[in-house]
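Here is the structure we will look at.
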Amino acid sequence: MILTIICTALVFVIPGAYLIARGNSGAHTSAELQISAANFASKTQDRSGIRVRLQELGKMSERDYENFRIRQILYCTGSAVSSIFLFLFLGKNFALSLILSLLLASTMYIYTDRELTTQVKKYRSNLESEFPAVIEMLTLAISAGETPLSAIMRISQSASGQLPQEFARVVTEVRNGTSLHEALDSMGRRIKSVLIRRFVDALVTATLRGAPLVEVLTRHASEARSVQRNRVLSAAGKAEISMMIPVVFLILPISILFALWPSLANLNLFAN
């Protein structure tokens, strides 16, 4: 018990004494602390591919990676510190409380990483759902006589959604001096979607070789529609199976119980 009190006091005393000493010396301001945290976050190793997933979401700068790392570290530290004091308040052993708090911090670390993966999957799914309509708009614009760049620019300005935002990034890269096929190839590599990557490769090849773009876009638009139809049918099949679970395990047993209950009651009456 005494060891627990001493360790708990040290957790508060050591950081407090450090902050008081640094505050008296005036060495660190709030801006300097933010810079130090950003430097520490930028030096962390990216073994799980966080930068790649952030780039797919459109967060291209190093500051976005630093903010994500800082938020992840704060979540882990806050959950660990709060949990260890909660366990100590409940009368748990200090070693057991420390182990449980570390497990909770690891869980929070995995949760934030999985949350980013979920955002990437949702973003990719929204892109693929917008893809058929955007490609049809692009086909109509090019068949009306516009160039690929002007058609992409028109869609990025008039349409709303995540794929038009990707087209806006392509237009920005072209205005900064990048060629159109390089900007499209960068978009295809940034978005981890087989459907969009195949379309980008076909569009870049047709642009470089002078092939008719309308035929290429029409073929990809019909293919995107068929893929979207198959995805909707698959989602409908999964929803049908999920709807059968309450019917089979809840409604059907209750219906059978209501049907058999009078017969069972009469049999018990005759037996008595």
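The values are calculated or read from the model by the stated rules, or taken from the named source; none is laboratory data. Since the model is a prediction, treat every value here as computed from it, not as a measurement. Here the Cβ positions follow ideal geometry from the backbone for every residue, glycine too, while neighbour counts run over all protein chains shown.
Residues in segment 133-174 that are among the basic types (K, R) and touching a residue at least 24 places away in the same chain (Cβ under 8 Å): R169 alone. For E115, the conditions (1) surrounded by 18 or more Cβ atoms within 10 Å (Cβ to Cβ); (2) under 28 Å from I50 (Cα atoms) are fulfilled apart from (1).
Picking from residues in segment 50-102 that are of a type in the set (K, R) and without any contact (Cβ under 8 Å) to a residue 12 or more places away in the chain, the one that is farthest from R124 (Cα to Cα) is K92. Restricting S160, S156 to residues that are touching a helix residue (DSSP H, G or I) at 6+ places or on another chain (Cβ under 9 Å) and not basic (K, R) narrows the list to S156.
Would you point out which residue out of S106, S61, S125 is hydroxyl-bearing (S, T, Y), surrounded by fewer than 16 Cβ atoms within 10 Å (Cβ to Cβ) and at pLDDT below 80? Answer to the check: S61.
Can you confirm whether L184 is within 30 Å of M60 (Cα to Cα), among the aliphatic types (A, V, I, L, M), under 28 Å from the mean Cα position of the chain (by Cα) and at pLDDT 85 or above? So L184 fits the description; yes. As a summary of the residue check, A259 satisfies the conditions (1) more than 25 Å from the chain's Cα centre (by Cα); (2) modelled with pLDDT under 80; (3) assigned to a helix (DSSP H, G or I) except for the one numbered (2).
Taking the criterion of being surrounded by 10 or more Cβ atoms within 10 Å (Cβ to Cβ) and among the small types (G, A, S), the residues of segment 207-235 that qualify are A211, A221, S222, A224, S226, S234, A235. Among the residues examined, V204 qualifies as more than 18 Å from Y123 (Cβ to Cβ), surrounded by 13 or more Cβ atoms within 10 Å (Cβ to Cβ) and modelled with pLDDT of 85 or more.
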